[in-house]
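Since the structure comes first, as structure tokens, the remarks are kept for the end.
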């Protein structure tokens, strides 16, 4: 248990569906992240939020829409996905301070299958 | 961030020390070496990090060479539950962490 929870743990959705992934951190951190891990590929950073503000978007298609209502919650809204978007989606959090950024703690991930 | 090079796979006998190498020859003076591991289909788990000095915690030891161009993660008494992919990451004072392919460690009975 890392203090970062993700729901749902598994999700199957059709290409025309709209769904949302939820992440919650109980660590008092001020930065949150979404990563994507496709089969047999390294983790890819998707989005970074510092103090609820998006600071990085690594050329992610607009069918992925993040939302960070507060420093403890992070959502990833999904719509009109493609089968190649099937992957493990991981959320992480960390503490960011003036002197640097500390280690990231990851949730268990949501295994997404797009049919 | 500096790039790292790790062997794709390693085996280790249960109860023996597992020594996982990482090369980071282009590391900058303000960049840290971080190690994470990922057990199959779970989220990565932070293990340890260091800047110049060797570090030890309850999970592992990190040995960084004097020129900082390489490091070794040591699991002193590997167990079957240590079977995972181990990632060596070099990063500066930012929150952008780039994962490579890592080393797949298999601990065998």
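The values are calculated or read from the model by the stated rules, or taken from the named source; none is laboratory data. Worth saying up front: this structure is predicted, and the values here are computed from it rather than measured. Neighbour counts are summed over all protein chains in view; Cβ atoms, including those assigned to glycine, are modelled from backbone coordinates with ideal geometry.
Of the residues that sit in segment A:45-61 and are loosely packed, with under 14 Cβ neighbours inside 10 Å, assigned to a loop (DSSP other than H, G, I, E, B) and more than 10 Å from chain B (Cβ to nearest Cβ), which one is modelled with the highest pLDDT?
The residue in question is A:61.
Could you list, ordered by first residue, the pairs with Cβ atoms under 7 Å in which the first is in segment B:64-86 and without any contact (Cβ under 8 Å) to a residue 40 or more places away in the chain and the second is assigned to a strand (DSSP E or B), at least 6 apart or interchain?
What qualifies is B:64/B:33; B:64/B:50; B:64/B:71; B:65/B:71.
Across segment A:1-35, what is the number of residues that are under 15 Å from residue A:74 (Cβ atoms) and within 11 Å of chain B (Cβ to nearest Cβ)?
11
Specify which of the listed residues (A:81, A:27) is buried (at least 18 other Cβ atoms within 10 Å of the Cβ), more than 13 Å from the chain's Cα centre (by Cα) and not in a strand (DSSP E or B).
A:81
Tally time: how many residues in segment A:50-62 are more than 14 Å from residue A:36 (Cα to Cα) and in contact with a helix residue (DSSP H, G or I) (Cβ under 9 Å, 6 or more places away or on another chain)?
0
Exactly one condition in (1) surrounded by fewer than 20 Cβ atoms within 10 Å (Cβ to Cβ); (2) touching a helix residue (DSSP H, G or I) at 6+ places or on another chain (Cβ under 9 Å) is not met by residue B:66; state its number.
Failed condition: (2).
Would you check if there is a residue in segment B:95-107 being away from every other protein chain (no Cβ under 14 Å) and either farther than 17 Å from residue B:36 by Cβ or not in a strand (DSSP E or B) (or both)?
yes
Would you be able to say whether some residue in segment A:20-29 is touching a helix residue (DSSP H, G or I) at 6+ places or on another chain (Cβ under 6 Å) and more than 27 Å from residue B:92 (Cβ to Cβ)?
Filtering segment A:20-29 for residues touching a helix residue (DSSP H, G or I) at 6+ places or on another chain (Cβ under 6 Å) gives none.
Checking segment A:20-29: not a single residue is touching a helix residue (DSSP H, G or I) at 6+ places or on another chain (Cβ under 6 Å) and more than 27 Å from residue B:92 (Cβ to Cβ).
What residue, of A:66, A:108, is assigned to a loop (DSSP other than H, G, I, E, B) and either crowded, with 16+ Cβ neighbours inside 10 Å or at pLDDT 95 or above (or both)?
A:108
Could you look through segment B:6-53, keep only residues that are without any contact (Cβ under 8 Å) to a residue 40 or more places away in the chain and not in a loop (DSSP other than H, G, I, E, B), and pick out the one that is nearest to residue A:89 (Cα to Cα)?
Here the residue is B:45.
For segment B:32-45, does any single residue satisfy the condition of being out of contact with any strand residue (DSSP E or B) (no Cβ under 7 Å at 6 or more places or on another chain) and more than 30 Å from residue A:9 (Cα to Cα)?
No, because not a single residue in segment B:32-45 is out of contact with any strand residue (DSSP E or B) (no Cβ under 7 Å at 6 or more places or on another chain) and more than 30 Å from residue A:9 (Cα to Cα).
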